[in-house]
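The values are calculated or read from the model by the stated rules, or taken from the named source; none is laboratory data. Computed from a predicted structure; not experimentally measured. Cβ coordinates were reconstructed from backbone atoms using ideal geometry, including for glycine residues, and neighbour counts include every protein chain displayed. With ligands, DNA and RNA removed, areas are computed over all heavy atoms of the protein, side chains included. Shrake-Rupley method; radii C 1.70, N 1.55, O 1.52, S 1.80 Å.
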Amino acid sequence: MRKALRSQMLSITFAVLFLGALVGQSFAGLGVYNENQIAHGSSPAGYWEFVTSSNFVVDVAENWQSEYLQFFLFILATIWLIQRGSPESKMPGDEGVGTDESQLVGRFAKPNSPKWAKVGGWRLKLYSNSLLLVMGTVFLASWWLQSVAGTVVYNADQLDHGQPPVEWIQYVFSADFWDRTLQNWQSEFLAVGSMVALSIYLRQRGSAESKPVGTPHAETSTEGE
Amino acid sequence: MRFHGTPPSLGWRRGRAGQNSPATRPLRISLYAGRHRSYARLMRTQFSLWLGMIGVGLLLMIIIGFSGR
């Protein structure tokens with residue numbers, strides 16, 4: 001059982017890190033919120049009141065959407081685009097969705113292939129794109145949530161300063177919405193782009209995200225042990 | 001998932017007939033099957049936990065966002 005658990009440690013570790021960081025964010029966010037409340041002569045909020053407010057939701061959602069967009073675009077782009085020398089890329093010449101034989105679907109499926117990879121039709125089509133569909137759905141849902149919670153927070157600020165509230169659609173075209181959105185997108189695109197480019201020449205021994213240390217720089221699509 | 005060789009703890013059971021002895025094969029297969037089932041169960045649990053965590057997170061945010069708080 002311990003051996004079996006050890007085989008899941010990558011996702012367990014990130015689940016623990018995620019929950020720890022989320023709890024940390026909630027306490028730090030409460031601190032900032034209450035500093036602001038006191039500065040405006042309002043009463044400070046309790047922990048529960050804060051974590052169930054749009055102030056907390058908008059901060060969580062804007063980060064979720066950018067992370068899921070990052071992976072959505074990375075999964076999508078790596079179907080068609082290649083980067084010679086990067087372990088994150090397919091081999092030059094392999095661009096595209098691949099043949100049924102290379103994808104082990106339909107009559108090329110193995111006996112232990114997933115059921116929907118064997119059946120064909122709409123189920124095969126759906127399953128063939130399921131990762132992209134889920135990442136894209138979470139991106140759109142959290143981006144939409146950022147806009148809904150963002151409208152509430154923006155309007156509370158407007159009322160505090162004697163300004164009229166805005167409708168959701170006005171908020172979606174506001175500078176505040178795009179400032180929150182683009183400040184997250186730029187960092188995601190920077191991180192993905194630099195990961196692709198730096199991994200051509202740099203190595204991390206033992207990491208699945210790196211080429212083995214002695215791999216020639218021009219070699220593409222060879223991941224570590 | 002492929003099974004690579006006999007687990008070390010079963011070495012003593014190989015005997016003179018070697019590791020393909022019919023006497024040892026059923027035990028090896030059942031150990032492998034047990035481990036395989038355990039991995040499969042944990043992988044399914046991981047998948048469900050992550051999808052559930054994302055789903056519950058989104059649902060809570062929808063409820064809070066639309067409560068207008």
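Computed from phi, the 3J(HN,Hα) profile of segment A:100-110 under the Karplus parametrisation 6.51, -1.76, 1.60 (θ = phi - 60°) reads 4, 5, 6, 8, 6, 10, x, 6, 8, 5, 7 Hz, with x in place of Gly and Pro.
Would you mind classifying segment A:63-191 by shape? Square roots of the alpha carbon gyration tensor eigenvalues, ordered a ≥ b ≥ c; an a/c under 1.5 is rounded, otherwise it is prolate if a/b is larger than b/c and oblate if not. Taking the square roots of the gyration eigenvalues as a ≥ b ≥ c, segment A:63-191 is prolate. About the centre of its Cα atoms, the protein assembly as shown shows a dipole size close to 3000 debye [charges on the beta carbon of Lys, Arg (+1) and Asp, Glu (-1) only; nearest 20 debye]. Helical content alone sets the calculated 222 nm signal of chain A at -21000 deg cm²/dmol, taking -39,500 (n - 2.57) per DSSP H segment of four or more residues and averaging over every residue.
If R0 equals 41 Å, the separation of the Cβ atoms of A:Ser7 and A:Glu167 corresponds to a calculated FRET efficiency of about 0.20. For A:Lys118, a cut-off of 24 angstrom between C-alpha atoms picks up these lysines, skipping any fewer than 8 places away in its own chain: A:Lys110. If you bin all the Cα-Cα distances of the protein assembly as shown at 10 Å, starting from zero, the percentages per bin are 5, 17, 25, 23, 16, 8, 3, 1, 0, 0.
Look at where the Cα atoms of segment A:52-94 and of segment A:120-135 average out, and the two centres are 18 Å apart.
In this structure, the amide hydrogen of A:Thr220, modeled 1.01 Å from its nitrogen in the peptide plane, lies closer than 5 angstrom to those of A:Gly85, counting only residues at least 5 positions away or on a different chain. Backbone amide hydrogens, once placed in the peptide plane, bring A:Arg203 within less than 5 Å of nothing, excluding anything fewer than 5 places away on its chain. For the peptides A:6-15, A:175-184, A:55-64, A:149-158, the ranking by mean Cβ contacts within 10 Å, running from highest to lowest, is A:55-64, A:149-158, A:175-184, A:6-15. Identify, among A:Ser142, A:Val97, A:Gly120, the residue whose Cα sits farthest towards the positive end of the charge dipole of segment A:90-151, taking +1 on the Cβ of Lys and Arg and -1 on the Cβ of Asp and Glu, with the dipole about the Cα centre. Checked the options; the winner is A:Gly120. Measuring only protein heavy atoms, the 1.4 Å probe finds A:Arg84 accessible over about 150 Å². For chain A, the membrane-span-like helix rule (DSSP H, alpha carbon extent of at least 20 Å along the helix axis, mean Kyte-Doolittle at least -0.5) picks out A:9-39, A:54-80, A:130-160, A:175-201; this says nothing about an actual membrane. For segment A:136-218, the Cβ-based charge dipole about the Cα centre amounts to some 680 debye (Lys, Arg positive; Asp, Glu negative; other atoms uncharged).
Could you work out the percent of alpha carbon pairs in segment A:183-225 separated by over 15 Å, rounded to a whole number? Of the Cα pairs, 43 percent sit more than 15 Å apart. Computed over protein heavy atoms with a 1.4 Å probe, the carbon and sulfur contribution to the accessible area of the protein assembly as shown reaches 64%. Other protein chain C-beta atoms within 10 Å of residue C-beta, averaged over B:38-46: 3. If we count every other residue with Cβ under 14 angstrom of A:Ser42's Cβ, Lys/Arg +1 and Asp/Glu -1, where does the sum land? Net of charged neighbours comes to -4. Protein-only accessible surface at a 1.4 angstrom probe places the residues A:Lys211, A:Lys3, A:Lys90, A:Lys118 in the order A:Lys3, A:Lys118, A:Lys90, A:Lys211, largest first. Dipole of the protein assembly as shown computed with +1 at Lys/Arg Cβ and -1 at Asp/Glu Cβ about the Cα centre; of A:Asn184, A:Leu81, B:Ser67, farthest Cα towards the positive end is A:Leu81. Summarising the amide proton neighbourhood of B:Arg69: residues at separation of 5 or more, or on other chains, whose placed amide H is nearer than 5 Å comprise A:Ser54.
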